[in-house]
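Peer 1: What follows is a single structure, and I will ask about it in a moment.
The values are calculated or read from the model by the stated rules, or taken from the named source; none is laboratory data. Everything quoted here is computed from the prediction, not taken from an experiment. Positions of Cβ are generated from backbone atoms using ideal geometry, with glycine treated the same way; all protein chains shown enter the neighbour counts.
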Amino acid sequence: MGCSVGPNTFVAVQNIVEAVLNKYQNLVHDHSGLPEFLVFLNDHALNDFNTLFTSLPPDRNYYIAGVPGSFHGRLFPADSLHIVHTSYALQWLSQVPEEVEDVSSPAWNKGRVYYSSAGDQTVKAYEDQFARDLDCFLHARAKEVVCGGLIMILVPGRLNTTPHDRVFSNISYDILGSCLMDMAKMGITSEEKVDSFNIPIYFSSPRELEATVEKNGYFSLERLECLPLKKSQDTIQQKARAVSYHIRAGLEFLLKEHFGNEIIMDELFDSFQ
Ligand SMILES: C[S@@+](CC[C@H](N)C(=O)[O-])C[C@H]1O[C@@H](n2cnc3c(N)ncnc32)[C@H](O)[C@@H]1O
């Protein structure tokens, strides 16, 4: 779920298919009828499914179908899925929390585009939105996944003890916000326009994930692991460029939707870099 255009998705699918086949071969001695696999690739309807389908591995040993729509709601018939996998997608919120865009609310996020260095109420609004969204995701999957099925969730997050404003990605989003404010000060866009732009992403902690899964009550938590970030050997310039590309790939469509032609993306991301 949240497959994007590949290729990471194909690696995940191959790993799962191989793991299930291995397990099957160890448990069942008559291998004349190995199980066949139907893999559903889901993302928003606007995802580039053409690119995804034209880059499918040619020698795959599974069948494929595309399923457009938001994973925060129902996508499949009841009891029709055995394994659900989602990576780097659940950090995307279904919406910016309403209070954050409400000028009369204490959670209003003036002068910033993200929550991590904002006041407690703004952070709480994002935290609550993430918990609501994850609850909707689990609720929908509870209907769709067969009894005894499995959900694997990989999310970028933070350690229980790491404050929001010390998370690397969060710092990057704050820097993007300050670049936008610089552009507002130069008259390229307005401060109101920046105030009303907020990034709908949230970095949860293991404790928050655990609490939401437990409160939801439909699934039991089999394993929860924090994976270390791989240390890169890149120079600082290479790292800055990589972060800039990464953030641009994820956010350009939202920035264009909000700022239209006022902001030239190359200028914004040059400044960010
Ligand atoms: C950073 S990409 C991750 C792609 C791939 N899973 C990977 O690990 O490389 C996040 C993807 O999640 C999708 N996504 C975000 N929110 C979604 C939602 N509510 N329903 C379906 N897809 C969603 C985005 O459209 C995007 O393609």
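Peer 1: Name the one entry in 214, 210 that is among the acidic types (Asp, Glu) and surrounded by 13 or more Cβ atoms within 10 Å (Cβ to Cβ). Talk me through it step by step, then tell me what you get.
Peer 2: Details: 214 fails: surrounded by 13 or more Cβ atoms within 10 Å (Cβ to Cβ).
After ruling out the rest, the residue left standing is 210.
Peer 1: Restricting to the range 57-66, give me the number of residues that are out of contact with any Cys (no Cβ under 9 Å at 6 or more places or on another chain) and either among the basic types (Lys, Arg) or within 13 Å of the ligand (Cβ to nearest atom) (or both). Give the steps one after another, and end with the answer.
Peer 2: Keep residues of the range 57-66 that are out of contact with any Cys (no Cβ under 9 Å at 6 or more places or on another chain), which gives 57-65.
With the extra rule that they be either among the basic types (Lys, Arg) or within 13 Å of the ligand (Cβ to nearest atom) (or both), the set shrinks to 60.
Adding up the residues that qualify gives 1.
Peer 1: Considering the range 68-90 alone, what residues qualify as being within 9 Å of the ligand (Cβ to nearest atom) and among the β-branched types (Val, Ile, Thr)? Don't jump to the end; show me each part of the working.
Peer 2: So the first thing to find is which residues in the range 68-90 are within 9 Å of the ligand (Cβ to nearest atom), and the list is 68-73, 75, 85-90.
86 - this is the single residue of the range 68-90 that is within 9 Å of the ligand (Cβ to nearest atom) and among the β-branched types (Val, Ile, Thr).
Peer 1: Right, another one. Could you check, for the range 192-200, whether at least one of its residues is farther than 22 Å from residue 115 by Cβ, away from the ligand (no atom under 16 Å from the Cβ) and among the β-branched types (Val, Ile, Thr)? Step through it out loud before you land on a result.
Peer 2: As a first pass, look at the range 192-200 and keep what is farther than 22 Å from residue 115 by Cβ: none.
The answer is no, given that none of the residues of the range 192-200 is farther than 22 Å from residue 115 by Cβ, away from the ligand (no atom under 16 Å from the Cβ) and among the β-branched types (Val, Ile, Thr).
Peer 1: A further question follows. I'd like the full set of residues that are more than 20 Å from the chain's Cα centre (by Cα) and within 19 Å of residue 169 (Cβ to Cβ), limited to the range 101-121.
Peer 2: In the first step, residues of the range 101-121 are kept if they are more than 20 Å from the chain's Cα centre (by Cα); the result is 101-112, 117-121.
Within the range 101-121, 109, 112, 117, 118 qualify.
Peer 1: Would you confirm whether any residue within the range 104-112 is more than 24 Å from residue 148 (Cβ to Cβ) and part of a strand (DSSP E or B)?
Peer 2: To start, the set of residues in the range 104-112 that are more than 24 Å from residue 148 (Cβ to Cβ) comprises 104-112.
Among the residues that remain, those that are also part of a strand (DSSP E or B) are: none.
Looking through the range 104-112, none of the residues is more than 24 Å from residue 148 (Cβ to Cβ) and part of a strand (DSSP E or B).
Peer 1: Continuing with the same structure: Kindly state which helices (runs of 4 or more DSSP H) lie completely within the range 180-273 and contain at least 2 residues that are over 23 Å from residue 108 (Cα atoms) and among the hydrophobic types (A, V, I, L, M, F, W, C).
Peer 2: Working: elements: 191-195, 206-216, 236-259, 265-272.
So the answer is 206-216, 236-259, 265-272.
Peer 1: Can you find, within the range 1-40, the residue that is surrounded by the fewest Cβ atoms within 10 Å (Cβ to Cβ) among those that are closer than 14 Å to residue 57 by Cα and among the β-branched types (Val, Ile, Thr)? Break it down stepwise before answering.
Peer 2: Residues of the range 1-40 closer than 14 Å to residue 57 by Cα: 5-15, 17, 39.
Next, from what is left, pick out any that are among the β-branched types (Val, Ile, Thr): 5, 9, 11, 13, 17, 39.
Working: 5: 17, 9: 21, 11: 12, 13: 21, 17: 17, 39: 20.
The selected residue is 11.
Peer 1: Suppose the filter is modelled with pLDDT under 95, more than 30 Å from residue 193 (Cβ to Cβ) and part of a loop (DSSP other than H, G, I, E, B); does residue 56 pass it? Break it down stepwise before answering.
Peer 2: Numbers: modelled with pLDDT under 95: no; more than 30 Å from residue 193 (Cβ to Cβ): yes; part of a loop (DSSP other than H, G, I, E, B): yes.
Spelling it out, it is not the case that residue 56 is modelled with pLDDT under 95, more than 30 Å from residue 193 (Cβ to Cβ) and part of a loop (DSSP other than H, G, I, E, B).
Peer 1: If I ask for residues that are more than 27 Å from residue 48 (Cα to Cα) and surrounded by fewer than 10 Cβ atoms within 10 Å (Cβ to Cβ), which ones from the range 228-273 would you list?
Peer 2: 228, 229, 230, 231, 232, 233, 235, 236, 237
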